[in-house]
Amino acid sequence: MSALLKIAWAPFAGEGEPSGYSVVTRELRLALQQAGAEIIGPYRWDWDCVVAVSLPTAWAVTEAGRPDVCWHTMFDMQTLPAAWLPILNRCGLVWVPSQWCQEMFVESGVTAPIMVAGYGVDQTTFYSINRRDRAGPLRFLAWGAGLVGRKNVLLAERAFQAASLPADQALLEIKVNAGASADYMLDADRQPKTNVSVHSADWTPRELADWLRSGDVLLYLSGGEGFGLQPLEGMATGLPVICAHNTGMTEYLTPETALLVETAGYQVSASYSIRFDMTALQCRPDFDQTVAHIRWCAEHREAAYVIGERAAQAAAEWTWLRAGQVALKQLEARYG
C-alpha cells in the first residue's frame, strides 16, 4: 500500500461561517481526508504539498516561487486581476472548481499547471422533497448577500414583476444577509409590495435548506460565479431553478435540470473593478428570457416540478467526497 499523501493545509478563512471560502475550506479539508489524504499539523515539516485556499497572497509564495504549493482559488469575472498572475505562476499547481475557471485562467495568462475539481452539496442538509401535491400561490425565491450586486437579486425581482402574475398565483420571497437594505422593495407610496417579502437575516445551512424546500422555483441570475454553490444547493432540494447559464455554473447546469437564462451581454462590475483595480466585466442575463421562464413555471407547475426532480437527481452526484477524490487523484499525480 502506498503512503498517504501528506498535505499541509493552509486556510486563510475560518471554518465557522456558513458561506464562501469558509465552507469551501472546511468541506474540502474533510473531503480530502475521507478520500485518503493525511492533513498534517502546523508544526510538521514533512509535507508533500501545501494546499492554500483563498484569494492569492504574494507573501505565501515568495518571489523565488513555491513548487510545493497548490493554490485553490477562483474568480467570477471574465478575466483575472493582473496582480494575481505573478503569484499563481510561482505555484507548483493551481486548483480551480470549474472548467470555465481553468479556461479563463489560461486566457488571462496563468502558466502554472491547473487542475479542476468541483464542489459538492451536503446531501443530509440539502435533501429533496416531493412538491407534487402543493396548492396555492407559486412561491418564487431569490437569494443573495444583498439586493444589488453580482447576484442580481434586484434584477430577479424586476423580472418577477414584469411577468405580471397576480398575487394569488405567484409570490416572491427574497433572502439577503442581515443588515442588507430592503428599501428597493417599497412601492411608489413607500409601502411594502404585496407580492414580495424580504428575509434580512443570517441563517444556518439548515435554515437555508428548509427555506429552499419551502419554495417552488428559485430565481438565480448571477452575473458570474467561480462555481456557484447556491443554485446547486437549490437543485439538491428539488427546486426547479431559473438560472443564469454562465461562468462556473455551466459546470453542472443542463437544459434537462434547469431553466437556463443565456447571456445577453456584459456590464462593468463597479465593486470588482474598484476592489481589484481593473475593468471587471460580468455577464448580463437575458431579461426577456427570464420573464418567459417565470411565466412558463406559473402556467406549467407540474412540469416545472419534474425539472426540479431531475435537478435533485443530478445534484446528488455532486458530493464533497467526490470532490475530494477527484482532487486527491490529481494532487497525487503531481506530488505523490
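Listed values, structure above:
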read-out: Neighbourhood charge, 10 Å Cβ-Cβ cut-off, centred on Pro97 and excluding it, Lys, Arg +1 and Asp, Glu -1; value: -2
read-out: Choice from Pro166, Pro285, Pro81 with maximal GNM fluctuation in the chain (Cα, 10 Å cutoff); value: Pro166
read-out: Full-extension gain in nm, Arg206 to Asn177, via 0.36 nm per residue minus C-alpha separation; value: 8.9 nm
read-out: Of the chymotrypsin sites (Phe, Trp or Tyr not before Pro) in the range 27-56, those whose Cβ has at most 15 other Cβ within 10 Å and which sit in DSSP loop; value: Tyr43, Trp45
read-out: Relative contact order, percent, the chain [alpha-carbon distance under 8 Å, six or more residues apart]; value: 19
read-out: Backbone N under 11 Å from the Arg132 label point (7 Å along Cα→Cβ), restricted to the range 302-326; value: 306
read-out: Expected 222 nm ellipticity per residue - DSSP helices of 4 or more, -39500 (n - 2.57), all of the chain, to 500; value: -9500 deg cm²/dmol
read-out: Residues whose placed amide H lies under 5 Å from that of Arg284, excluding near-sequence neighbours; value: Ala264, Gly265, Tyr266, Gln267
read-out: Cross-link partners of Lys175 among lysines (Cα-Cα below 17 Å; sequence separation of 8 or more within a chain); value: Lys151, Lys193
read-out: Antiparallel DSSP beta bridges within the range 138-315, as percent of all bridges there, nearest 5; value: 25
read-out: Nonlocal amide H pairs with Ile114, under 5 Å, H built at 1.01 Å; value: Val94
read-out: Considering only the chain, percent of DSSP beta bridges that pair antiparallel, nearest 5; value: 15
read-out: Two-decimal Rg/Rh across the range 218-336, once Rg and the Kirkwood Rh are taken from alpha-carbon atoms; value: 1.06
read-out: Where GluC sites (Glu not before Pro) fall in DSSP loop in the range 204-296, at most 12 other Cβ within 10 Å; value: Glu256, Glu262
read-out: Rg/Rh (Cα only; Kirkwood hydrodynamic radius) as it applies to the chain; value: 0.99
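Taken together, the values in this text are just the output of simple stated rules run on the coordinates, not laboratory data. Everything numeric here is computed off the predicted structure, so don't read it as measured data. When we count neighbours, we look across all protein chains shown, and the Cβ atoms used for this are built from the backbone with ideal geometry, even at glycine.
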